[in-house]
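What follows is a short report on a single structure.
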Amino acid sequence: MKIKHPILGIALSVALFGVGVTSSFAADETLRSLAEKNGIYIGAILNSQWFGGGLPSQYEQVHKTQFNIVVAENEMKFDATEPQEGRFNYNNGDKMVKYAQQNGMRVRGHALAWHSQVPNWVNNYKNDKQKLLKVLKNHIDNVVGHWKGKVAEWDVVNEAISNNEPQWRGYSVWYQGIGPEFIDSAFVWAHAADPDAELCYNDYNLEQGVNPKAKAGFLLEQVKRWVANGIPIHCVGSQTHVEDTTTDKHFIGSPDSLRSLAKELAKLNVKLKITELDIGFKSGINVSKSDLERQGQTFRQYLDIILEEPNADTYLIWGVSDKWSWLGGLNRQKGLIYDDNLKPKPAFDSLLVRLQNFEPPQDTAATDTTKQDTTVTDTTKKDTTVKDTVGLDSTISIARSAGPGSITTQLSGHTLLITGAKSAIVDVFDMQGRPVFSAKNVKGSVDLKIPEGLYVVRVRDGSTNLTRRIAIK
Ligand code: XIL
């Protein structure tokens, strides 16, 4: 990864199991299969409740169908893996690794050196620098060593920068007891324990600009120093816990700012990953359909960074369903892409459509500029025979196409003729994935009330669906 795919397979033939819920999405279209075609990872945490078997089977079905990278919400943190000094507990982490292996998913490890979720016994040594160094080294040696070759990437250091004036975070046992050099050391130890693992610095509020007064600007200076000093850092994780733009008056972050950080990191040969995305609304407010659609566009704008920037390869969401989300504690709600009933939200649609219609820039096609890996098979090469016969030829005004099921469509002017569907739902999206037209109970044909241009149309009937690019003339 990342392998840019020159020809996007608009007609998908990859048959994965359906999401298993009352969703109207068909078995053949998943975020995962489309992400793999685009050479990126798309993922979600396994929520803590999953480890205790406390979630419905639909949850896991959605998770393994839609995602190809996984991280544990809490189960690989310091307090979970070394609850008592020198006594390591890998049970839950092992459970996740096994799940990932069974389902062909990449594993992220989160997190090694963090000020939070540190067990109390560590604080006993807060005034003993030499001992704290030993504690941190021993933890990293053991934990990274245990999952060597199984955990592909680690958040080696998490949230070490303070929020206000960018500087190192003061309230951290590691910072107070050791000093900022705990960071450099942690990377070196992690690299020694698993030389093949990708090592990240992970933090939040990195989407707020790359100037020296913002966290990302401060971080960039540190990354430059680490790279110049040979510290083994391969990636920056942007947590990207953000609020919907209209409900957070203090919101100053943006996908564009995060993209600028990606571009700066590219100059240093360091990757950017989105590691904990959620886009919440303030708790208590009514969230309308158009709010959810706008939220979907923000999800899509962050995905664009991962699709378009050559040094960005991972898009990880901090949860699956709004029902199981940490956001309540932040006074936020509804920040994920599935609703309380595990039904896909408009944000899911926006991501799916964007993954369907993304075309890599021609000049960077098929160039893999980044680090080698991994556990996910590159399926892109297998379907170079799939051609989109419609989109690029602007002279075509009638397109006939056959889908994976029995549905076929034909476009004549603004009229979409549909065969093989008893009662179809027709959705049309613009090339940025924004919904522009929708009709239910369509029998035979529908008049698409949209201006001239290129679009993606999706026709769904029961569990069969067809997605095609169309040119309205
Ligand atoms: C959160 C979990 O989601 C909660 O269950 C837990 O109580 C606290 O931590 N940044 C991180 C994650 O790096 O580890 C945090 O996860 C969310 C913010």
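The values are calculated or read from the model by the stated rules, or taken from the named source; none is laboratory data. Predicted model only: the values in this text are computed from it and were never measured. Virtual Cβ from ideal backbone geometry, glycine too; neighbours counted across all protein chains shown. Ligands, DNA and RNA are stripped out before the accessible areas are found, and what is left, the full protein with its side chains, is counted by its heavy atoms. Shrake-Rupley method; radii C 1.70, N 1.55, O 1.52, S 1.80 Å.
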- Note on the structure: Heavy-atom accessible area per residue of the range 401-472, all protein chains kept, 1.4 Å probe, expressed in Å², is 42 Å²
- Quick one: which of 302-310, 175-183 comes out on top by average Cβ neighbours within 10 Å, and what's the full order, highest first? 302-310, 175-183
- Item | Lys/Arg +1, Asp/Glu -1 at C-beta; the range 133-285 dipole; positive extreme among H146, N269, G237 | N269
- Can you give the Rg and Dmax of the range 401-472 based on its C-alpha atoms, in angstrom? 10.9, 30
- Phi-based couplings in Hz for the range 305-314 (Karplus 6.51, -1.76, 1.60; Gly and Pro marked x): 4, 5, 6, 9, 8, x, 9, 10, 9, 9
- Note on the structure: In order over the range 291-303: 3J(HN,Hα) from phi, Karplus 6.51/-1.76/1.60, θ = phi - 60°, whole Hz, x for each Gly or Pro, gives 4, 5, 5, 5, 4, x, 5, 5, 4, 5, 5, 5, 5
- Message: If I compute solvent accessible area with a 1.4 Å probe over the protein chains, what percent of it on the range 138-232 is carbon and sulfur?
- Response: 48 percent
- Might you work out the accessible area of F88 for me, using a 1.4 Å probe with all protein chains in place, and round it to the nearest 10 Å²? 50 Å²
- Task: Note the per residue figure in Å³ for the convex hull of the C-alpha positions in the range 31-357.
- Result: 126 Å³
- Message: With a 1.4 Å probe and all protein chains kept in place, how do D256, D291, D203, D339 rank by accessible area, largest first?
- Response: D256, D339, D291, D203
- Item | Separation in nanometres of the label points that stand 7 Å from Cα toward Cβ, at N142 and D447 | 7.2 nm
- What nm distance separates the two modelled labels at V227 and Q130, each placed 7 Å from Cα along Cα→Cβ? 3.7 nm
- Query: Taking only C-alpha pairs under 8 Å that are 6+ residues apart, what is the relative contact order of the range 116-264 in percent?
  - Reply: 23 percent
- Note on the structure: For the range 272-285, Karplus-derived ³J(HN,Hα) couplings (6.51, -1.76, 1.60; θ = phi - 60°; whole Hz; x for glycine and proline) come out as 10, 10, 9, 10, 8, 4, 8, 10, x, 9, 4, 4, x, 7
- Under 5 Å from the placed amide H of W168, counting only residues 5+ away or on other chains, we find S162
- Task: Kindly flag which residue pairs out of K263/K323; K134/K267; K37/K473; K64/K126 have an alpha-carbon separation exceeding 32 Å in this structure.
- Result: K263/K323; K134/K267; K64/K126
- Task: Pairs of Cα atoms under 8 Å, at least six residues apart: use those to get the relative contact order of the range 401-472, whole percent.
- Result: 33 percent
- Message: Give me, ordered by chain and number, the residues 5 or more places off N211 or on other chains with an amide H under 5 Å from its own placed amide H.
- Response: G217
- Message: Could you check the spin-label model distance between T415 and H115? Points 7 Å from the Cα along Cα→Cβ, value in nm.
- Response: 6.7 nm
- Search the structure for amide H atoms under 5 Å from the amide H of K271, placed 1.01 Å from N in the peptide plane, and list their residues when 5 or more places away or on another chain. C235, V236
- Message: Charges at C-beta only: +1 for Lys and Arg, -1 for Asp and Glu. How large is the resulting dipole of the range 401-472 about its Cα centre, in Debye rounded to 20?
- Response: 160 debye
- Carbon/sulfur accessible area of the range 401-472, % of total, 1.4 Å probe, equals 52 percent
